[in-house]
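Data block below; observations after.
Derivation of every value follows stated rules applied to the coordinates shown; laboratory data play no part. All values derive from a computational prediction rather than experimental measurement. All Cβ positions, even for glycine, are placed from backbone atoms using ideal geometry, and neighbour counts span all protein chains on display.
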């Protein structure tokens with residue numbers, strides 16, 4: 001099992017803030033809108049350095065999406081910022097009608113996703129957002145794994161013409177990917193070659209998958225670990241090529257089992273190569289208030305849960 005060096009431990013929302021700040025310097029068409037959560041989204045530097053390109057809309061998320069759609073008509077590239085729950089569930093109609101339906105070039109940037117939002121509880125811990133956004137026709141859906149990858153993704157989506165949903169979080173997580181990486185939309189990243197099982201992970205669960213890979217290696221199981229940072233468009237070739245070799249799959253995500261990454265992989269395999277699969281995800285449940293670590297453990301999103309899923313799926317080969 002390949003070893004990965006942890007450069008530091010940082011929150012992915014700070015990667016978004018750093019990427020947005022860099023875009024302020026390099027792309028004069030980028031503008032930012034925030035729904036009264038500038039500090040939480042780490043948009044402070046952009047606001048300070050480019051006040052003429054920053055719009056504080058207040059607690060009016062639906063209005064923010066409408067403003068962003070309108071700004072694209074003038075050639076601007078708007079980045080909207082608020083919590084994932086308010087970026088999707090609260091404004092689904094505005095995204096569908098004003099942004100996705102007409103293919104507006106809006107970047108919907110969503111922090112505090114999943115149960116790792118922690119103590120704020122179920123009303124803020126959206127676990128359905130990837131499903132909501134991936135079902136939207138024409139919407140690109142990205143869920144990076146660490147600070148460096150979030151920064152790279154934030155910068156890269158400015159060059160993509162069309163609506164994008166970019167998801168990231170609040171907790172500090174291991175930062176292990178290349179600081180100078182070039183982010184490619186829709187291109188999965190092979191982290192470890194293996195022959196016994198394919199583990200496809202996204203977001204915060206990528207590092208958990210790496211931890212699981214080390215545990216499995218001690219058991220004599222050689223896991224292929226792939227970072228699926230883009231939920232849509234899905235890198236079908238990477239998935240099918242891996243599965244053709246390993247013949248069994250585990251997916252891992254901080255999201256509902258229904259509608260997430262595992263759901264997309266199941267659809268692909270059902271069409272192209274039926275294969276045993278186990279899914280590590282939240283199973284038809286809302287979250288609750290608690291520390292991120294306690295919630296990840298309670299809802300079965302730990303490395304140990306990935307290991308257990310691997311053992312189950314290998315037995316089903």
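Specify the angular offset, from 0 to 90 degrees and rounded to the nearest 10, of the alpha carbon long axis of helix 61-73 from the longest principal axis of the alpha carbons in the chain.
80 degrees
Short version: what are the Cα gyration tensor semi-axes of segment 95-155, square root of 5 times each eigenvalue, largest first, in whole Å? Write out the running numbers ahead of the final one.
Values: eigenvalues 99, 57, 16 Å².
Three semi-axes, in Å: 22, 17, 9.
Calculate the length of the line joining the C-alpha centroid of segment 280-295 to that of segment 178-249, in whole Å.
23 Å
What order do you get for 55, 286, 176 when you list them from fewest to most C-beta neighbours inside 10 Å? Numbers along the way, then the final one.
Details: 55 17, 286 14, 176 20.
Ordered by Cβ neighbours within 10 Å, fewest first: 286, 55, 176.
What nm value, rounded to one decimal, do you get for the distance between residue 195 and residue 219 when each label is placed 7 Å out toward the C-beta?
1.9 nm
Measuring from a point 7 Å past the Cα of residue 5 along Cα-to-C-beta, which residues in segment 172-201 have an amide N at less than 16 Å?
175-181
Any idea what angle helix 236-246 forms with the longest principal axis of the chain, computed on alpha-carbon atoms, 0 to 90 degrees, nearest 10?
It works out to around 20 degrees.
Using only the Cα atoms of segment 189-315, build the gyration tensor, take square roots of its eigenvalues as a ≥ b ≥ c, and label the shape rounded, prolate or oblate: rounded if a/c is under 1.5, else prolate if a/b is larger than b/c, else oblate. Mind dumping the intermediate values first?
On the way: a/c = 1.75, a/b = 1.25, b/c = 1.40.
The shape class here is oblate.
In square nanometres, what is the average projected area of the Cα convex hull of the chain? Intermediate values should be presented prior to the final figure.
Details: hull surface 58.7 nm².
So the mean shadow area of the Cα hull is 14.7 nm².
As an exercise, find the ratio Rg/Rh for segment 268-317 from alpha-carbon atoms, using the Kirkwood inverse-distance average for Rh.
Details: Rg = 13.8 Å, Rh = 12.6 Å.
Across segment 268-317, the Cα-based Rg/Rh ratio is 1.09.
Provide the FRET efficiency to the nearest 0.05 for the residue 73-residue 285 pair, computing r from the beta carbons and using R0 = 51 Å. Don't skip to the end; give the middle numbers.
Working: r = 41 Å, r/R0 = 0.81.
For R0 = 51 Å, the calculated efficiency reads 0.80.
Obtain the radius of gyration and the Kirkwood radius of segment 3-81 from its C-alpha atoms and give Rg over Rh.
With Rg and the Kirkwood Rh in hand, the quotient comes to 1.05.
Neighbouring Cβ atoms within 10 Å as the yardstick, rank 129, 159, 196 fewest first. Numbers along the way, then the final one.
Numbers: 129 27, 159 9, 196 19.
Ordered from fewest to most neighbouring Cβ atoms within 10 Å, 129, 159, 196 come out as 159, 196, 129.
For segment 99-127 and segment 22-96, write down the distance between their C-alpha centroids in whole Å.
A separation of 13 Å, based on Cα centres.
Within a 10 angstrom radius of the beta carbon, how do 311, 189, 20 rank from fewest other beta carbons to most?
Values: 311 15, 189 19, 20 27.
Listing 311, 189, 20 from fewest to most nearby Cβ atoms yields 311, 189, 20.
Beyond 27 Å, how much of the Cα-Cα pair distribution for segment 9-175 remains, as a whole percent?
Values: 1813 of 13861 pairs.
The share of Cα pairs beyond 27 Å in segment 9-175 comes to 13 percent.
What's the angle, to the nearest 10 degrees (0 to 90), between helix 261-272's Cα axis and the longest principal axis of the chain?
Here the helix axis deviates by roughly 60 degrees.
With 10 Å bins from zero, work out the P(r) of segment 35-99 over every alpha carbon pair and list the percent per bin.
21, 55, 23, 1
Run the numbers on the chain and let me know its relative contact order in percent, using alpha-carbon pairs under 8 Å that are six or more apart.
19 percent
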